[in-house]
Amino acid sequence: MNEVRTASFTGPNIFQVRLYLFARGRFIAGWFFGLIGEHSLRVVLLVATSCLAGAENVQTVSPLRPAWQDAAHFLATDANKSFTQARSHPEVNVGERELGEAITLLNVQPRTAGNILRAREILGKYAAEASAEETSIFARYFLARVYEAFEEPAQPEKALAIYKELVDRYSGDSLAEHSASRLVFIELYDDISSKERDRRFAELEELAPKLKSTMGRRDYHLNMGNAYIDFGGSPVKAIAHLLAAETDGITNRDVEAATWIAIAELGRGEGEIDLARAYYRKFLAKYERDNRHYTIQQRLEALPLAK
Amino acid sequence: MRPKLRNRIGFTLLAICFLASLSYRVRSHMQTAESSRSETVTIRFAHWQLENGAREAFEKIAEEYTKLNPKVMVVQLPIPEEIYPNWLVTQLVGGTAPDLIEVILDAGVNDERIAHFFTPLTDLADAPNPYNKGTDLDGIPLRETFFDGMKGGYFNNLVEYYAVPVSCPTVRMFFNLELLRKITGSDHIPDTYAEMIRLFSRVKEYSDREGVRIFPIAGAKSNSLQLMNRLFNGQTQTLVENLNPVGIINENEVDCSVRRASDYLAGRWSLDSAAVRSGFNLMREISQQMQPGFLRAEREDATLLFIRGQALIITSGSWDATSIRQQATFPVGLAPLPFPTPQDSTYGKYTKGAPSEAGNKAAAIFALTRNSAHPEVARDFLLFLASRSGNQIWTDISGWPPAIIGTKVRKDIAPFLPISEGYVLGLQPNISWMGFLDLTSCCTTHYHLLFGSNGSAEAFVQAVKPLYGDAIVSDLRRILRSNQEIVKRNDTQFAALTWIARNHLTADADRKLDQFLQSATLTDRRLYQTRLALAAKQ
């Protein structure tokens, strides 16, 4: 991502080992006597882990890592408890903890208006913090998501304004640039006239030069290309977007297979026989075990011979 | 007897009982201690494959594993299919689940439960399988050793491999060859749909002539609709190809079901479309070859009809092959489902041909529970199960087709290998089995008008047509709600993956975020397409 920090691990000193053993002892005691709960145990272990990591590593390996990992595995309620209970932990960064609490509150079950409001407040607070750019981008993006998807009724105009600002101001940041994909969905998959959609397509085309991160740019091109297909738009533009997405690197097999077929079919329709042939061949070579393989083989054979 | 004496006897008995109990506890404790001293580890795995051959195959695999790892004992827990989903959830929630579990998706197990109760196996999938040493799979990542690239064990939304599959199942027609010979004078299985229809007429002639009641096909509620939906699917291949923009082909009907539903609402196809009518006619034709009341019959009832020689054909999966062969007193022949080809004079106009099975996912997937006392040993057993030699034992004894590349297949299992030459399927009468519950209910409650003795495609369509559009709208609303929920849930995951990647909290953070984004984009697109389809209808 944007900033590279290298963690260098050093061996624990005798004090750290003692602290670790003490924490482990608490763990075993807690396990047997049920004196302390599961989440308190996590905090105890977090302390032990951070102490063991060595003084210079405390800044690089966050003690909240297990909580983030839980959140990344759909375990929002567990993660939220860990973030909340780490409130009194002296080593924990307050901003990180509060943002973790906010994003997990969105999916603590049952989902309540109170939780969504609390999440919005936290995200709003950090979104306004201009001094910490990366944190602010993170908070702004998910604040926009709250307006778009979690609030009832939704406030799409507020979300759109934030997404546009993120794309305009934070070129090169992959999360900020992911807003471009959201703009494509919100603006184009709307119940509007063809004329209005064409106007929006043209407006969205202007985002392309601003996008500098590979992930943000790839997803924007992928969604633009597919939108042109979905709404019967310009095949030439669709091909250009899909090729651009491919250049930035599609790593998901399902997405890659579908994109290659789309490029080949659009190419065939536009008389770009060499392009169609190249992408049919790429698909056939890589996706032998795909239900479309036989059909694509036939389509390749049916292409006119190269001059 | 004096009270004092009675008390003495009572206390003596109590003391004896106490001593006996104490001695039992001490002995039991000593045995446990002995077992721990000898470091024998027991791994338990649960599954619901009670078909003949499967349990024996698992037993042999466990035995071979113990030969290689003498300090490990592997115990299988076969659980009946009917209670498996409830049993599974109870064990997981109660914290008493065995080390390894065969997972049934949607039946009690969803992404949240997978994440909560199971351990990711991505590192296992990315590394070579040590049990493949010395074979041509030596040094190849585990996932690349599966026919399906281990897709069957990959959970898109979780961006992790969580399970290891053992077999690539397919569905075939099983023929009673003895009966076929009696009816036709030969054991030649029809190659084309037209030939199959002629055979059905000969079965009826034979049945009338001999005065015995024989049905061409033994049907049950599960396999009959499976067969007829596939045939309907074949009739709508060209329709779907023409509905798709610029020649795009989706790999399966689930991928494009929302688009097909919105196409219906936009009037781009209807129940009066010639291909759709042809599909219903074909379904009716096949339904007339099954015993009366087949839609209410259980799978076991249909199997019994076939085993008793009262039906010439049964449609079933590779999982049933060994059971059917062991129970049948006659030789059994196998053939793919009979798809009309474009050359067929009645049903050729709208079809592309038989479907491709190249993309079939491997199934019977085993996942490692988080509460396993010996996760490393359980992972090692999974590697043996997924090795060339483990899969060879599996396929040899169970009679199921293998999941691992290069596993040798017996002559009688070969007909179950996926057929790669073929086309992508079209629509189902209910558009897709995934998500279209009201539409499915709308069709099934009227199937008597299609399959009944006085039924017809016309009668069915006339009854269903006024309800079909509303059912689609209702299903799309449900799909929209479901996708909205998935997208909301994804936000916490996306935020966490982003934070982890930005702060380098784990080594593979960037890869996971990258995979997640591409997968989430597919869900987003489906959500917006659904919302637009509903907005256009209002």
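The values are calculated or read from the model by the stated rules, or taken from the named source; none is laboratory data. Quick caveat: nothing in here was measured; it's all calculated off a predicted structure. Please note: Cβ atoms are built from the backbone with ideal geometry, for glycine as well, and neighbour counts cover all protein chains shown. Heads up: the accessible areas ignore ligands, DNA and RNA and are worked out on the full protein's heavy atoms, side chains in. Shrake-Rupley method; radii C 1.70, N 1.55, O 1.52, S 1.80 Å.
Structure notes:
- Residue in region A:233-246 that is under 25 Å from B:Phe516 (Cβ atoms), open to solvent by 10 Å² or more (accessible area, probe 1.4 Å), touching a residue at least 24 places away in the same chain (Cβ under 8 Å) and touching a His at 6+ places or on another chain (Cβ under 7 Å) present: yes
- Pair list, Cβ under 7 Å, 6 or more apart: region B:58-73 residue acidic (Asp, Glu), other residue modelled with pLDDT of 95 or more and open to solvent by 90 Å² or more (accessible area, probe 1.4 Å): none
- Counting residues in region B:114-122 that are at pLDDT 90 or above and away from chain A (no Cβ under 14 Å) gives zero.
- Residue match in region B:320-331 (condition: among the acidic types (Asp, Glu), open to solvent by less than 20 Å² (accessible area, probe 1.4 Å) and outside any strand (DSSP E or B)): yes
- Evaluation of B:Arg213 against the conditions (1) in contact (Cβ under 8 Å) with a residue 40 or more places away in the chain; (2) under 30 Å from B:Lys182 (Cβ atoms); (3) crowded, with 17+ Cβ neighbours inside 10 Å shows that the sole unmet condition is (3).
- The single residue among A:Arg281, A:Arg253, A:Arg289 that is within 7 Å of chain B (Cβ to nearest Cβ) and open to solvent by 30 Å² or more (accessible area, probe 1.4 Å) turns out to be A:Arg289.
- With a requirement of 1 or more residues that are aromatic (Phe, Trp, Tyr), the helices (runs of 4 or more DSSP H) lying completely within region B:70-170 that satisfy it span B:84-94, B:111-117.
- Residue in region A:137-155 that is modelled with pLDDT of 95 or more and open to solvent by 60 Å² or more (accessible area, probe 1.4 Å) present: no
- Odd one out for B:Tyr154 among (1) within 24 Å of B:Leu417 (Cβ to Cβ); (2) among the aromatic types (Phe, Trp, Tyr); (3) away from chain A (no Cβ under 14 Å): (3)
- Set B:Asp126, B:Asp187, B:Asp148: member being at pLDDT below 95, touching a Leu at 6+ places or on another chain (Cβ under 7 Å) and open to solvent by 10 Å² or more (accessible area, probe 1.4 Å): B:Asp187
- Matching residues in region A:156-180 - criterion: being surrounded by fewer than 24 Cβ atoms within 10 Å (Cβ to Cβ), among the acidic types (Asp, Glu) and touching a residue at least 12 places away in the same chain (Cβ under 8 Å): A:Glu165, A:Asp168, A:Asp173
Here's the yes/no breakdown for (1) under 19 Å from B:Ala115 (Cα atoms); (2) part of a helix (DSSP H, G or I); (3) aromatic (Phe, Trp, Tyr):
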{"site": "B:Pro338", "(1), (2), (3)": "no, no, no"}
{"site": "B:Tyr347", "(1), (2), (3)": "no, no, yes"}
{"site": "B:Gly353", "(1), (2), (3)": "no, no, no"}
{"site": "B:Asn360", "(1), (2), (3)": "no, no, no"}
{"site": "B:Phe366", "(1), (2), (3)": "yes, no, yes"}
{"site": "B:Ser372", "(1), (2), (3)": "yes, no, no"}
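- Among the residues of region A:165-203, those that are within 16 Å of A:Leu143 (Cβ to Cβ), away from chain B (no Cβ under 12 Å) and in contact with a Ser or Thr (Cβ under 7 Å, 6 or more places away or on another chain) comprise A:Leu166, A:Val167.
- Qualifying residue in region B:251-269 (condition: at pLDDT 95 or above, in contact with a strand residue (DSSP E or B) (Cβ under 8 Å, 6 or more places away or on another chain) and more than 26 Å from B:Leu534 (Cβ to Cβ)): no
- The criterion of at least 2 residues that are touching a helix residue (DSSP H, G or I) at 6+ places or on another chain (Cβ under 8 Å) and facing another protein chain (nearest Cβ under 9 Å) is met by the following helices (runs of 4 or more DSSP H) wholly inside region A:63-163: A:65-72, A:76-85, A:94-105, A:133-145.
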